[in-house]
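The values are calculated or read from the model by the stated rules, or taken from the named source; none is laboratory data. Everything numeric in this text was worked out from a predicted model, so none of it was measured. Note: ideal-geometry Cβ built from the backbone for every residue, glycine included; neighbour counts use all protein chains shown. Each accessible area value is taken on the protein alone, full model and side chains, heavy atoms only, with ligands, DNA and RNA left out. Shrake-Rupley method; radii C 1.70, N 1.55, O 1.52, S 1.80 Å.
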Amino acid sequence: MDKQKSINALQFFVTHLSNQAFGHKLQGKLFSSQGFEKLGTKYTGHHEEEMGWVDKFIDRILDLGGEVKHEMRPEGKIIAEPCEYVKAELQVSIQGIDFLRKCMNDICDDITTFDIMKEYLKDEEEDMYWSEQQLDLIERIGYQNWLIKQM
């Protein structure tokens with residue numbers, strides 16, 4: 001097993017997922033301030049869930065004897081329009097899942113890290129399905145009706 005491969009992969013997710021999680025917190029606060037409490041709660045809760053994954057990744061880095069880094073995070077974009085945000089989130093999920101699957105191929109000889117990543121992949125797929133369902137719902141009932149459901 002190549003520990004450094006696992007540490008590098010985990011560190012990548014620590015850095016990028018913590019950034020994404022903070023973005024979800026900001027979006028949740030924005031949506032709540034716009035009166036869309038359900039949507040705000042969804043994304044604020046999503047922040048907490050993702051930070052739980054970050055904690056698991058950090059713990060695994062430490063278990064492997066690695067050094068956890070506090071790396072710079074890229075600036076993220078805040079999207080005020082809820083439908084546009086759900087569309088953007090769907091694309092992030094699709095790209096992230098594809099990247100995660102490739103990453104899992106690189107660390108498959110580290111069963112413990114692989115299992116953690118596999119559980120994280122399942123969680124990310126659920127997020128992708130939620131975004132797809134919301135966009136389908138918008139199409140079926142109309143955007144204004146969907147927004148009312150988010151209040």
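For the range 1-33, which residues satisfy the criterion of being in contact with an Asp or Glu (Cβ under 7 Å, 6 or more places away or on another chain) and either of a type in the set (Val, Ile, Thr) or in a helix (DSSP H, G or I) (or both)?
Once the filter is applied, which keeps residues that are in contact with an Asp or Glu (Cβ under 7 Å, 6 or more places away or on another chain) and either of a type in the set (Val, Ile, Thr) or in a helix (DSSP H, G or I) (or both), the range 1-33 yields Lys5, Ser6, Ala9, Thr15, Leu17, Gln20, Ala21, His24.
Exactly one of (1) assigned to a helix (DSSP H, G or I); (2) of a type in the set (A, V, I, L, M); (3) at pLDDT below 95 is unmet by Val86. Its number?
Here Val86 meets the rest and fails (3).
Within the range 97-116, can you find the residues that are assigned to a helix (DSSP H, G or I), of a type outside the set (A, V, I, L, M) and free of Cβ contacts under 8 Å to residues at least 60 places away in the same chain?
Filtering the range 97-116 down to residues assigned to a helix (DSSP H, G or I) leaves 97-106, 111-116.
Still in the list and also of a type outside the set (A, V, I, L, M): 98-99, 101-103, 105-106, 112-115.
Result: Asp98, Phe99, Arg101, Lys102, Asn105, Thr112, Phe114, Asp115.
Just checking, does the range 62-72 include any residue being over 30 Å from Trp146 (Cα atoms), open to solvent by 20 Å² or more (accessible area, probe 1.4 Å), out of contact with any Leu (no Cβ under 9 Å at 6 or more places or on another chain) and part of a helix (DSSP H, G or I)? Walk me through how you get there before you give the answer.
Within the range 62-72, the first condition is being over 30 Å from Trp146 (Cα atoms), and the residues that meet it are 62-72.
If we keep only those that are open to solvent by 20 Å² or more (accessible area, probe 1.4 Å) as well, we get 62-63, 65, 67-72.
Next cut, out of contact with any Leu (no Cβ under 9 Å at 6 or more places or on another chain) only: 62-63, 65, 67, 69-72.
Restricting the remaining residues to those that are part of a helix (DSSP H, G or I) gives 62-63.
Yes; the residues of the range 62-72 include at least one that is over 30 Å from Trp146 (Cα atoms), open to solvent by 20 Å² or more (accessible area, probe 1.4 Å), out of contact with any Leu (no Cβ under 9 Å at 6 or more places or on another chain) and part of a helix (DSSP H, G or I).
Contact list please: Cβ distance under 7 Å, first residue in the range 63-85 and in contact (Cβ under 8 Å) with a residue 60 or more places away in the chain, second residue in a loop (DSSP other than H, G, I, E, B) and polar (S, T, N, Q), pairs at least six apart or on different chains.
Every condition considered, the pairs that remain are Pro82/Gln150.
Hey, Phe36 hits all of (1) farther than 30 Å from Lys149 by Cβ; (2) in contact (Cβ under 8 Å) with a residue 24 or more places away in the chain but one; which does it fall short on?
All conditions are met except number (1).
Would you check if Gln27 is of a type in the set (S, T, N, Q), closer than 17 Å to Gln150 by Cβ, in contact with a helix residue (DSSP H, G or I) (Cβ under 7 Å, 6 or more places away or on another chain) and crowded, with 18+ Cβ neighbours inside 10 Å?
On the way: of a type in the set (S, T, N, Q): yes; closer than 17 Å to Gln150 by Cβ: yes; in contact with a helix residue (DSSP H, G or I) (Cβ under 7 Å, 6 or more places away or on another chain): yes; crowded, with 18+ Cβ neighbours inside 10 Å: yes.
Yes; evaluated as a whole, the condition is true for this residue.
How many residues does the range 34-53 hold that are within 15 Å of Val86 (Cβ to Cβ), assigned to a helix (DSSP H, G or I) and over 16 Å from the mean Cα position of the chain (by Cα)?
1
Out of everything in the range 98-151 that is crowded, with 17+ Cβ neighbours inside 10 Å and polar (S, T, N, Q), what residue ends up being nearest to Phe12 (Cα to Cα)?
Within the range 98-151, the match that is nearest to Phe12 (Cα to Cα) is Thr113.
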